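Engineer: First the structure, then my questions, so here it is.
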Amino acid sequence: MSSISDYRATFTGEPGYLNFAAFGPLSATVRDEVVADVNMLGTGRASSIDHVAGRVREAREAVAELLGGVADEVTLQPSTSYGMAQAVFGLEGGVLASAAEFPTIPTLIVRAAESFGRVTPQWMTPPSGFVTPEAVADALRDDTRALVVSSVDSRTGFRADLRALREVLGEDRLLIVDDTQGFGTIVADYAAADVVCGHGYKWLRAGRGTGFAWFGARAREVIRPVLSGHVATEAGIAFDEVPPPHPTAQAYRLSEPDWLAASRLAAAVSEVAAVGVAAIQDELGSLTDRVIALADAHGMRVLTPREPERRAGFVALAPRPEHVAPLAAALANRGVTVTSRSNLIRVAPHVGTDDETFGMLADALAAAPRGA
Ligand SMILES: Cc1ncc(COP(=O)(O)O)c(C=O)c1O
């Protein structure tokens, strides 16, 4: 077990960075581990190569531990979208999602419907795009077979209640979760989900190439392994025949993962597990409280829910549309990095965010036009 201050020490980026919901500057631990593994791959020694290849298993075990599952249920993927494609392309019947989700979800549902003809898209348009249990209950139909939802909405920061969604869905429908903006930062009830996908390049600070997908028992029964490659059989690489897909979640893979990406993911997830997701969640709760307090002090509307259990690591500010560009300019001029999209300014601190960065944010808000 390490302390939150050990964890904080792995943040070595420059002040002003408030964009962890887009990209997490790499953890010092991750950088050290991957450099060691790169050097091992340069030796040509079989034992060193095997050691680095073993990072795949380590990463799967580490992800499984955070999700409360087992390594066999976890596959490594190049990114969240690859993992989500494994799930969505293998579905059949009505697939419900909010039309306002991050484009990974609607795009895959539409492509699945166009290409395989087994999926019928069912769109919901809840207020502010918040996928609440009530909104899902209103949108559910008898032929809905799955709900696809982000654990934390990438635009608004709204955190879904996975257990309440499961209760509305019942036991016969699948709950497929894009956990890109939640994994490693929120204590979520993953047992309520059937598929959880994420990646390591934002909050885990592991860089790109570090996606994963977990498939629970119900998902494995229902989801056809459409994107199942030559490595994803029990026979391993088989010539002169095409064996059936692997009987476990390892069927949902196209090819071998990148060992160095696995090394980065394993290091990052182990680092998070050592400090504990609950401790990180608490810290992010205080940091997002500070962002909300600054926004309130400058009369800026906040779209992210104020209840700590309905938000995660970032806050979406909703200035008047004519104030978005001046605020974005004020932030950029003071060296503050955020995401400005859809007339929202997304402010995403992390455990290493210091007072200097908050001071820069406060200066920028003070310089921008006032009012919601
Ligand atoms: C909620 C959500 N899902 C999916 C993605 C895309 O992830 P990837 O690039 O790993 O496919 C993002 C990226 O911002 C995201 O915020």
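Derivation of every value follows stated rules applied to the coordinates shown; laboratory data play no part. Note that this is a predicted model, so its numbers are computed, not measured. Cβ atoms come from the backbone with ideal geometry, glycine included; neighbour counts cover every protein chain shown.
Engineer: For region 187-217, enumerate the residues that are of a type in the set (Lys, Arg) and either without any contact (Cβ under 8 Å) to a residue 12 or more places away in the chain or in contact with a strand residue (DSSP E or B) (Cβ under 7 Å, 6 or more places away or on another chain) (or both).
Structural biologist: Passing the criteria: none in range.
Engineer: In the list 287, 260, 265, 254, which residue meets the criterion of being crowded, with 20+ Cβ neighbours inside 10 Å and over 18 Å from the mean Cα position of the chain (by Cα)?
Structural biologist: Sole residue among the options that is crowded, with 20+ Cβ neighbours inside 10 Å and over 18 Å from the mean Cα position of the chain (by Cα): 287.
Engineer: Of 107, 156, 80, which residue is at negative phi, surrounded by fewer than 16 Cβ atoms within 10 Å (Cβ to Cβ) and β-branched (Val, Ile, Thr)?
Structural biologist: 107
Engineer: Does residue 187 satisfy the criteria of being surrounded by fewer than 20 Cβ atoms within 10 Å (Cβ to Cβ), outside any helix (DSSP H, G or I) and of a type in the set (A, V, I, L, M)?
Structural biologist: Against the criterion (surrounded by fewer than 20 Cβ atoms within 10 Å (Cβ to Cβ), outside any helix (DSSP H, G or I) and of a type in the set (A, V, I, L, M)), residue 187 qualifies.
Engineer: Okay, moving on. Whether any residue in region 28-44 is within 16 Å of the ligand (Cβ to nearest atom) and under 24 Å from residue 182 (Cβ atoms) is what I want to check.
Structural biologist: Scanning region 28-44, I find no residue that is within 16 Å of the ligand (Cβ to nearest atom) and under 24 Å from residue 182 (Cβ atoms), so the answer is no.
Engineer: Shifting gears a bit: Filter region 277-304 down to the residues that are out of contact with any helix residue (DSSP H, G or I) (no Cβ under 9 Å at 6 or more places or on another chain) and outside any helix (DSSP H, G or I) and list them by number. First the steps, then the outcome.
Structural biologist: From region 277-304, those out of contact with any helix residue (DSSP H, G or I) (no Cβ under 9 Å at 6 or more places or on another chain) are 278, 284, 286, 292-293, 296, 299; that's our starting set.
Scanning region 277-304 gives a single hit, 299.
Engineer: So, one more: Only one of these conditions is not met by residue 177: (1) surrounded by fewer than 24 Cβ atoms within 10 Å (Cβ to Cβ); (2) touching a strand residue (DSSP E or B) at 6+ places or on another chain (Cβ under 8 Å); (3) of a type in the set (A, V, I, L, M). Which number is it?
Structural biologist: (1)
Engineer: Specify the residue that is surrounded by the fewest Cβ atoms within 10 Å (Cβ to Cβ); the eligible residues are those in region 337-372 that are of a type in the set (A, V, I, L, M) and touching a Phe, Trp or Tyr at 6+ places or on another chain (Cβ under 8 Å).
Structural biologist: Restricting to residues being of a type in the set (A, V, I, L, M) and touching a Phe, Trp or Tyr at 6+ places or on another chain (Cβ under 8 Å), the top hit is 351.
Engineer: Applying the selection to region 67-80, what residues are within 16 Å of the ligand (Cβ to nearest atom) and more than 11 Å from residue 196 (Cα to Cα)?
Structural biologist: First, the residues of region 67-80 that are within 16 Å of the ligand (Cβ to nearest atom): 74-80.
Once the filter is applied, which keeps residues that are within 16 Å of the ligand (Cβ to nearest atom) and more than 11 Å from residue 196 (Cα to Cα), region 67-80 yields 76, 77, 78, 79.
Engineer: Scanning region 3-12 for residues that are surrounded by fewer than 20 Cβ atoms within 10 Å (Cβ to Cβ) and within 21 Å of the chain's Cα centre (by Cα), which turns out farthest from residue 290 (Cα to Cα)? Break it down into steps so the answer makes sense when it comes.
Structural biologist: Taking region 3-12 as the starting set, the residues that turn out to be surrounded by fewer than 20 Cβ atoms within 10 Å (Cβ to Cβ) are 3-6, 8-9, 11-12.
Still in the list and also within 21 Å of the chain's Cα centre (by Cα): 8, 11.
Numbers: 8: 18, 11: 19 Å.
Ranking the qualifying residues of region 3-12, first place goes to 11.
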